[in-house]
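> Supplied in structure tokens, the structure appears directly below.
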Amino acid sequence: MAGVLFGPDITFLGVPRCDLTDESSYADADIVILGAPLDGGTSYRSGARFGPSALRQACYLPQDGSRPSLALRVDGLKDLRVYDAGDVMLYSGDIEQAVKMIEEDVYKITAAGAIPIILGGDHTIAWPDHTGVARHYGFGNVSMIHFDAHADTGDILNGSLVGHGTPMRRLIESGALRGDRFLQLGLRGYWPDEPVLQWMAANGLRSYEMTEIVARGLEPCLTEAFDIATTDCEGVFISVDIDVCDPGHAPGTGTPEPGGFSARELLDAVRRICYELPVVGVDVVEVAPPYDHADITALLGNRVVLEVISAIARRRKDRAAGTTWDPMQPLLAGREADEQLRLITEGEQARRRGDGGARPHHHH
Ligand SMILES: [Mn+2]
């Protein structure tokens with residue numbers, strides 16, 4: 001039976017549960033959400049094991065499996081078949097076993113034709129997450145766009161090949177991910193050191209430092225990254241380390257680094273990727289609720305997942321209809337303006353007559 005490792009047995013915002021041991025429960029899925037409550041790979045503050053549970057529920061609206069997007073004018077949770085497979089029942093103290101279990105579950109989801117969205121967990125999981133997807137599409141066929149303050153390309157950290165500072169190195173060494181189809185955005189701070197940077201350069205990585213993004217603007221950097229990510233690759237995997245955002249926007253994380261993206265910049269970038277590119281897998285990692293304040297980080301992570309789902313829904317709708325989403329189209333354009341005006345006018349006339357009259361319904 002599928003379930004969650006900690007806390008109340010809930011699904012992401014109330015979407016239906018599926019069970020990865022029962023193929024029929026997710027055979028028709030467009031998207032399957034999977035929790036990977038692993039924090040045995042952290043080098044500093046642990047606590048990301050509580051990420052999946054926080055990401056599933058951080059929201060002020062009911063857990064009703066429906067979220068109509070004001071910006072994208074779709075209800076991703078309803079327009080797509082979205083299931084939550086619960087958590088990988090892993091042990092954070094046995095990281096080698098944990099990454100194998102995660103990879104198998106991600107592969108199952110991808111092989112069923114669905115897009116996996118993995119809720120971390122620390123960034124160790126990017127290794128099995130991308131590998132599970134690449135096993136289906138072919139090694140080297142899935143590029144990666146990686147949001148992070150840190151490069152995560154270390155070789156051996158604290159004596160271990162497996163950890164949250166090394167997943168991208170493991171992916172590139174195994175051939176699952178091509179170094180020259182790996183785009184990093186948001187790097188800053190004081191790590192890694194020169195030998196690691198030399199390894200990155202030798203393997204053709206393209207890393208956009210925060211300083212470059214500020215100097216050039218985020219949009220041109222994204223456009224350039226999109227071109228690289230879609231050349232000779234079938235799909236794009238997005239790995240979002242929440243610490244790409246400034247600690248003021250995402251305090252609840254294990255290795256915060258000041259000077260990062262705003263929450264809005266991250267959501268805008270994720271929306272653009274999922275609308276414009278063939279996204280085949282996503283993970284949202286390093287949300288560590290023990291260090292959070294007022295659920296700021298959990299709420300942002302929840303919205304990153306929703307933005308992914310909404311933008312994929314809108315992409316599919318537009319591709320089927322031959323239309324294009326226009327962010328400059330006013331929210332209220334094209335609605336039943338005449339009918340609303342009639343109701344308002346009737347109500348005002350009735351109030352003048354003093355009989356209360358019919359009032360328009362207000363939907364929240
Ligand atoms: Mn990371």
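> Suppose we filter region 307-334 for residues that are closer than 15 Å to Val270 by Cβ, in contact with a helix residue (DSSP H, G or I) (Cβ under 8 Å, 6 or more places away or on another chain) and surrounded by fewer than 20 Cβ atoms within 10 Å (Cβ to Cβ); how many remain?
Residues in region 307-334 being closer than 15 Å to Val270 by Cβ, in contact with a helix residue (DSSP H, G or I) (Cβ under 8 Å, 6 or more places away or on another chain) and surrounded by fewer than 20 Cβ atoms within 10 Å (Cβ to Cβ): 2 in total.
> Out of Met101, Met144, I need the residue that is under 20 Å from the mean Cα position of the chain (by Cα) and either of a type in the set (Ser, Thr, Tyr) or at pLDDT 95 or above (or both). Which one?
Met144
> State whether the residues of region 173-188 include one that is in contact (Cβ under 8 Å) with a residue 60 or more places away in the chain, in the same structural domain as Ser43 (by TED's automatic domain parsing), out of contact with any strand residue (DSSP E or B) (no Cβ under 6 Å at 6 or more places or on another chain) and closer than 18 Å to Ala48 by Cβ.
no
> Residue check: is Ile115 more than 16 Å from the ligand (Cβ to nearest atom) and over 27 Å from Leu80 (Cβ atoms)?
no
> Could I ask something else about it? Sort out which residues of region 44-102 are over 22 Å from Pro289 (Cα atoms) and charged (D, E, K, R), and write them in order of number.
Correct list: Asp64, Arg67, Arg73, Asp75, Lys78, Asp79, Arg81, Glu96, Lys100.
> Within region 288-300, does at least one residue satisfy the condition of being out of contact with any helix residue (DSSP H, G or I) (no Cβ under 7 Å at 6 or more places or on another chain), closer than 20 Å to Trp127 by Cβ, among the aliphatic types (A, V, I, L, M) and within 16 Å of the ligand (Cβ to nearest atom)?
no
> State whether one or more residues within region 305-313 are within 16 Å of the ligand (Cβ to nearest atom) and either under 12 Å from the mean Cα position of the chain (by Cα) or outside any helix (DSSP H, G or I) (or both).
no
> Next up: If you check Ala151 against the conditions, is it within 11 Å of the ligand (Cβ to nearest atom), under 21 Å from Ala229 (Cβ atoms) and surrounded by fewer than 24 Cβ atoms within 10 Å (Cβ to Cβ)?
Yes; evaluated as a whole, the condition is true for this residue.
> Please state which of the following conditions Asp129 fails to meet, knowing it meets all the rest: (1) farther than 15 Å from Ala36 by Cα; (2) within 14 Å of the ligand (Cβ to nearest atom); (3) in a helix (DSSP H, G or I).
Condition not satisfied by Asp129: (1).
> Quick check: is even one residue across region 42-52 closer than 19 Å to Ala311 by Cα and in contact with a Ser or Thr (Cβ under 9 Å, 6 or more places away or on another chain)?
No, the conditions are met nowhere in region 42-52.
> Looking only at region 132-148, how many residues end up being within 16 Å of the ligand (Cβ to nearest atom) and farther than 16 Å from Ile117 by Cα?
Residues in region 132-148 being within 16 Å of the ligand (Cβ to nearest atom) and farther than 16 Å from Ile117 by Cα: 1 in total.
> Consider region 211-239. How many of its residues are touching a Leu at 6+ places or on another chain (Cβ under 7 Å) and either charged (D, E, K, R) or within 14 Å of the ligand (Cβ to nearest atom) (or both)?
0
The values are calculated or read from the model by the stated rules, or taken from the named source; none is laboratory data. On a predicted model such as this, the values are computed, not experimentally measured, just so you know. Here Cβ is always computed from backbone atoms with ideal geometry, including for glycine, and neighbour counts include all displayed protein chains.
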